[in-house]
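Notes follow the structure.
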C-alpha cells in the first residue's frame, strides 16, 4: 500500500476582501518539500484557502496520478467542514446554505468536489499558528504573496 502524500495548505488576505495569497507544501518526503503559491489583488480569505487546496491537488494529480493517496492538512475549518460535512447538504438544497442563501465560492467548491471525488483524499484540520512546521511555512508563503499586491 502506498504511503499517503501529505499536503499542507493555507490562504489569507490583507482585509477581507483584499489582496490575498495562497500556498501549499506538498511532501513527497520530509526532505523534499514542493512549495506552491500564488495570489490575487482582490479576493477573500475563503477563496484563497480553497485555491490552495485545489492547486495542490491539481499538481499531485498531474505529476503523480489521480490515484495517489493524499492527506490534506488545512487550518481552515471552512474547507475541512465544507468538503466533509456541509457539501452534501448544499447539493441537496440546490447549492443553498442552511439559511437558504446561495453558497459562496460555488465555483471553487465544484472544482474541489471533482478533484476530491476522483482522488483518494483524507482531510485533517490543523490549528493555525501553533508551531506546525509546514503550516507555518505555508503562512510565510501566503504573507509573501499578499505583499506583492
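Quick one: check the C-alpha center-to-center distance for region 81-149 versus region 11-70, whole angstrom.
Result: 10 Å between the Cα centres.
Using mean projected area of the Cα convex hull in nm² as the read-out, say which of (i) 9.1; (ii) 11.6; (iii) 16.6 was calculated from these coordinates.
From the options (i) 9.1; (ii) 11.6; (iii) 16.6, the structure gives (i).
Which value at 222 nm does the chain reach when only helices count, each DSSP H run of 4 or more adding -39,500 (n - 2.57), with the total divided by all residues and rounded to the nearest 500 deg cm²/dmol?
Computed ellipticity for the chain at 222 nm equals -12000 deg cm²/dmol.
Of the listed peptides 73-80, 87-94, what is their order by residue-averaged count of other C-beta atoms within 10 Å, with the highest listed first?
Per-residue Cβ counts within 10 Å, averaged per peptide and sorted highest first, yield 73-80, 87-94.
How long are the semi-axes of the equivalent ellipsoid of region 80-149, defined as square roots of 5 times the Cα gyration tensor eigenvalues? Whole Å, largest first.
28, 16, 13
By DSSP, what percent of the beta bridges with both residues in region 5-147 are antiparallel, rounded to the nearest 5?
Roughly 60 percent of the beta bridges in region 5-147 run antiparallel, per DSSP.
Each value in this text was obtained by applying a stated rule to the coordinates, not by laboratory testing. Being a predicted model, the structure only gives us computed values, none of them experimental. Please note: Cβ atoms are built from the backbone with ideal geometry, for glycine as well, and neighbour counts cover all protein chains shown.
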